[in-house]
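Undergrad: One structure, pasted below without further comment.
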Amino acid sequence: ERHKACSGSSVRNSYPRAVGSAFSSVLAVTAVVVRAVAWLLLWEAAGLTTPVTAFSATPTDAGIRATCSEIILRQEVLKDGFHRDLLIKVKFGESIEDLQTCRLLIKQYIPTGLFVDPYELASLRERNITEAVMVSEDFNIEAPNYLSKESEVLIYARQDSQCIDCFQAFLPVHYRYHRPHSKDGETFIVVNNPDLLMYCDQEFPILKCWAQSQVAAPCALKNKDICQWNNMKYKSVYKNVTLQVPVGLTIHTSLVCSVTLLITILCSTLILVAVFKYGHFSL
């Protein structure tokens, strides 16, 4: 009887322990589920509803970019003096055979210190030297630097005969008049890198790699149709081009005005003397 009483007592003692152990297991599972739900809610709030996809997409994009050759743009200014030539060269790593159906358009921003002569551009287009057209309206080529505005020029690039996978564009630019300075006899003009637009009749890997956005522009110089060009990302050889422009000094204002007035009076007098001496007048 004592044995039975002891065994009954042990059963009664182990039952609460088993119930407590099962209850602890249920609490642990519930805590894990709550944590998982909390993490899912955090991912949802951050916009990453599929963490595995988000992490796996980065190596894929990096792999695509790694297989794409860079687009190299080089911008330089030729000649000396107040009349310069802006030369832009673009080099593709892809074979030129794959890019024969593509067109390249350069959108160049002209700072206030420079100007492009639209009549000169028209003459160059007639002689088939360059394919460039002014975009800005109400453009005054006689305005000084401090009264002018930034302008835009579209240049349709051509394939470079000396480079199999290169394009180049040519644009004549001219200095504007600048205000005289009190100390330094020079000022600087910064020509920023242009926008590089590309249009192809078919899809190429280079478009998927470096196209950033689409820009509406004329399909060709003599075509009024509008095409959606791809604004391409490229690597520039130079950050920008800086031009040094000599300017006058304010301390020379009185001297310059006096000499200019004297020369004007002298030349006018000589012209009048020549007219009265060699001219034939009939009354």
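Undergrad: With respect to Thr187, determine if the residue is of a type outside the set (D, E, K, R) and either open to solvent by 40 Å² or more (accessible area, probe 1.4 Å) or assigned to a helix (DSSP H, G or I) (or both). Walk me through how you get there before you give the answer.
TA: Working: of a type outside the set (D, E, K, R): yes; either open to solvent by 40 Å² or more (accessible area, probe 1.4 Å) or assigned to a helix (DSSP H, G or I) (or both): no.
When the stated conditions are applied, Thr187 does not pass them.
Undergrad: Still on this model: Which ones in region 190-210 are surrounded by 16 or more Cβ atoms within 10 Å (Cβ to Cβ) and outside any loop (DSSP other than H, G, I, E, B)?
TA: Val191, Asp195, Leu196, Leu197, Met198, Tyr199, Cys200, Ile206, Leu207, Cys209, Trp210
Undergrad: Within region 249-258, can one find any residue that is within 30 Å of the chain's Cα centre (by Cα), polar (S, T, N, Q) and modelled with pLDDT of 90 or more?
TA: no
Undergrad: Filter region 218-243 down to residues that are farther than 28 Å from His174 by Cα, open to solvent by 80 Å² or more (accessible area, probe 1.4 Å) and free of Cβ contacts under 8 Å to residues at least 40 places away in the same chain, then give me how many there are.
TA: The number of residues fulfilling the criteria is 4.
Undergrad: Consider Glu70 carefully, then state whether it is at pLDDT 70 or above, surrounded by 13 or more Cβ atoms within 10 Å (Cβ to Cβ), assigned to a helix (DSSP H, G or I) and not β-branched (Val, Ile, Thr). Write out each step before concluding.
TA: Details: at pLDDT 70 or above: yes; surrounded by 13 or more Cβ atoms within 10 Å (Cβ to Cβ): yes; assigned to a helix (DSSP H, G or I): no; not β-branched (Val, Ile, Thr): yes.
Answer is no for this residue.
Undergrad: Across region 227-275, what is the total count of residues that are of a type in the set (A, V, I, L, M) and part of a helix (DSSP H, G or I)? Break it down into steps so the answer makes sense when it comes.
TA: Quick first cut of region 227-275, residues of a type in the set (A, V, I, L, M) only: 232, 237, 241, 243, 245, 247, 249, 251, 255-256, 259, 261-263, 265-266, 270-275.
Keeping just the survivors that are part of a helix (DSSP H, G or I) gives 251, 255-256, 259, 261-263, 265-266, 270-275.
Final tally of qualifying residues: 15.
Undergrad: Could you check region 90-175 for strands (runs of 3 or more DSSP E) lying wholly inside it with 3 or more residues that are open to solvent by less than 10 Å² (accessible area, probe 1.4 Å)?
TA: Filter on region 90-175 gives 102-110, 151-156, 166-175.
The values are calculated or read from the model by the stated rules, or taken from the named source; none is laboratory data. On a predicted model such as this, the values are computed, not experimentally measured, just so you know. Cβ sites come from the backbone with ideal geometry, for glycine too, and all protein chains shown count toward neighbours. Just so you know, the surface numbers come from the protein's heavy atoms only, side chains and all, with ligands and any DNA or RNA stripped out. Shrake-Rupley method; radii C 1.70, N 1.55, O 1.52, S 1.80 Å.
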